[in-house]
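The values are calculated or read from the model by the stated rules, or taken from the named source; none is laboratory data. Fair warning: this is a prediction, and the values are worked out from it, not measured in the lab. When we count neighbours, we look across all protein chains shown, and the Cβ atoms used for this are built from the backbone with ideal geometry, even at glycine. Ligands, DNA and RNA are excluded from the accessible area calculation, which covers all protein heavy atoms including side chains. Shrake-Rupley method; radii C 1.70, N 1.55, O 1.52, S 1.80 Å.
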Amino acid sequence: MEYKFSEKIANLKPSAIREIFKSLTDPTIISFAAGNPSPESFPVEELARLAAEIFENESTTALQYNITEGYPPLRAAIADRQKIRFGETMVKDSDSVLVVSGGQQGIELACKVFCDEGDVIVCENPSFIGSLNSFRSNGAKLEGVPMESDGISLTELENTLKNNPNAKLLYLIPTFHNPSGITMSLEKRHGVLELARKYDVVIIEDNPYGELRFAGDDLPTLKSLDTDGRVIYCSSFSKILSAGMRVGFIVADSTICAKMTVAKQGEDVHTNIFFQMLCYKYMTTCDLNAHIAKINDIYRHKCNLMLECLDKYIPKDKVEFTRPEGGLFIWGTVKNTDDASNIVKLAIEKKVAVVPGTAFNCDTEAKSPSFRLNYSTPSDEQIVEGVKRLGEVFNSL
């Protein structure tokens with residue numbers, strides 16, 4: 001039969017990153033295209049021990065239905081950790097915490113409860129493809145605002161908000177931005193909040209990478225600076241414990257959490273309880289801070305190695321790279337062009353995969369002079385060899 005899909009899904013393009021994954025069956029290809037945490041970062045032995053304890057002592061709870069809001073001890077532990085990390089203004093109590101099935105679900109739920117068909121969501125341009133596709137699938141229209149070296153352009157942001165009175169949400173990744181690796185300055189964080197108040201929009205602060213700082217100084221979250229309850233803070237255990245667990249969390253005004261809870265009930269009833277219990281046990285019986293410090297040692301080394309290789313093998317007059325202080329990504333921008341798609345194709349011919357900047361555009365038809373590199377997944381040897389191959393691409397132009 002001929003299937004008649006909904007308009008919002010029929011026109012939705014698959015994630016370029018996921019499509020690239022399908023092509024990486026060739027073991028000779030070095031992939032800088034992933035966004036995965038390093039396998040070295042998984043605390044396997046501790047998780048195995050805690051899992052055995054849960055099944056021995058609390059198997060019924062782990063295997064039974066539970067409440068949509070999330071495993072209560074975990075919600076309380078999250079609230080406590082957020083206060084310790086970012087101050088008392090970050091979260092009121094556990095009623096302001098909702099556990100979700102990965103940070104992606106939290107972003108999607110925020111869109112669902114605030115946006116009607118055709119409402120505008122303002123985003124950094126470029127931005128995370130998973131969130132952009134989630135917004136598109138809910139019928140929202142996207143307006144992109146260009147990035148500067150210290151975060152979103154405040155001038156362009158105000159112009160965009162002024163020209164889009166039906167803008168409902170402002171979606172931001174202020175810390176170790178995906179895909180650029182840029183961190184928004186403190187001045188701009190205050191500026192963003194001022195504009196959100198002026199134009200009465202709700203902010204989604206997506207912060208899956210915030211714990212992964214290996215250089216520079218911590219900055220306050222937008223949520224911790226929020227005085228009127230307009231920031232929905234979204235984070236996850238994916239980058240600090242396990243991406244496969246799919247355990248994330250929202251910190252927001254309890255009224256927002258209540259609405260998102262109702263929306264979540266229609267999606268998956270509740271997030272996997274066993275993995276919620278496992279996260280709680282790790283948080284409260286293991287040294288999470290020490291574990292995160294070990295992860296950051298790994299990523300500091302990998303990032304520095306990739307940057308050293310980029311400096312050595314890529315001509316500086318042809319490409320400019322961001323120099324992140326944390327997170328998982330480096331952003332390359334090719335000079336004297338508005339379209340780097342040919343570079344991505346030539347790189348694949350050299351058996352190295354990068355993600356084209358077009359994958360992160362709010363406008364799916366727009367070109368991009370940029371591409372994204374990931375350093376968390378490849379080995380040291382792959383980083384060196386892969387960047388050498390990229391250098392061959394640029395030197396051959």
Being buried (at least 17 other Cβ atoms within 10 Å of the Cβ) and among the small types (G, A, S) is the filter; apply it to region 328-341 and report the residue that is farthest from P179 (Cα to Cα). A340
Which of the residues belonging to region 242-277 are of a type in the set (K, R), within 28 Å of L47 (Cβ to Cβ) and open to solvent by 60 Å² or more (accessible area, probe 1.4 Å)? R246
Please count how many residues of region 29-50 are farther than 19 Å from E385 by Cα, buried (at least 17 other Cβ atoms within 10 Å of the Cβ) and over 20 Å from the mean Cα position of the chain (by Cα). 4
Any pair with Cβ under 8 angstrom, 6 or more apart, that starts in region 207-232 at a residue that is without any contact (Cβ under 8 Å) to a residue 40 or more places away in the chain and ends at one that is assigned to a loop (DSSP other than H, G, I, E, B) and of a type in the set (G, A, S): G229/A252; V231/A252
Applying the selection to region 287-327, what residues are open to solvent by less than 50 Å² (accessible area, probe 1.4 Å) and more than 25 Å from the chain's Cα centre (by Cα)? C309, I314, P315
Within region 230-239, count every residue that is crowded, with 22+ Cβ neighbours inside 10 Å and either in contact with a Leu (Cβ under 8 Å, 6 or more places away or on another chain) or among the basic types (K, R) (or both). 3
Give me the pairs: first residue in region 62-74 and in contact (Cβ under 8 Å) with a residue 12 or more places away in the chain, second residue part of a loop (DSSP other than H, G, I, E, B) and surrounded by 13 or more Cβ atoms within 10 Å (Cβ to Cβ), beta-carbon distance under 6 Å, and six or more apart or on different chains, which are they? N66/H270; T68/H270
Entirely in region 298-395, the strands (runs of 3 or more DSSP E) that have 2 or more residues that are touching a helix residue (DSSP H, G or I) at 6+ places or on another chain (Cβ under 8 Å) and free of Cβ contacts under 8 Å to residues at least 12 places away in the same chain: none
Six or more apart or on different chains, Cβ atoms under 6 Å: show the pairs whose first residue is in region 85-106 and at positive phi and whose second is assigned to a helix (DSSP H, G or I) and open to solvent by 10 Å² or more (accessible area, probe 1.4 Å). G87/S224
Checking the conditions here, which among Y209, Y280 is of a type in the set (F, W, Y) and either open to solvent by 50 Å² or more (accessible area, probe 1.4 Å) or under 16 Å from S101 (Cβ atoms) (or both)? Y280
Checking T227, T221 in turn, the sole residue that is more than 13 Å from the chain's Cα centre (by Cα), open to solvent by 30 Å² or more (accessible area, probe 1.4 Å) and hydroxyl-bearing (S, T, Y) turns out to be T227
Residue check, V120 among the hydrophobic types (A, V, I, L, M, F, W, C), touching a Lys or Arg at 6+ places or on another chain (Cβ under 9 Å) and closer than 23 Å to G70 by Cα: no
Can you name every residue in region 183-193 that is of a type outside the set (G, A, S) and either open to solvent by 10 Å² or more (accessible area, probe 1.4 Å) or part of a loop (DSSP other than H, G, I, E, B) (or both)? T183, M184, L186, E187, K188, H190
What tally of residues in region 174-206 results from selecting those that are in contact with a Pro (Cβ under 8 Å, 6 or more places away or on another chain) and without any contact (Cβ under 8 Å) to a residue 12 or more places away in the chain? 0
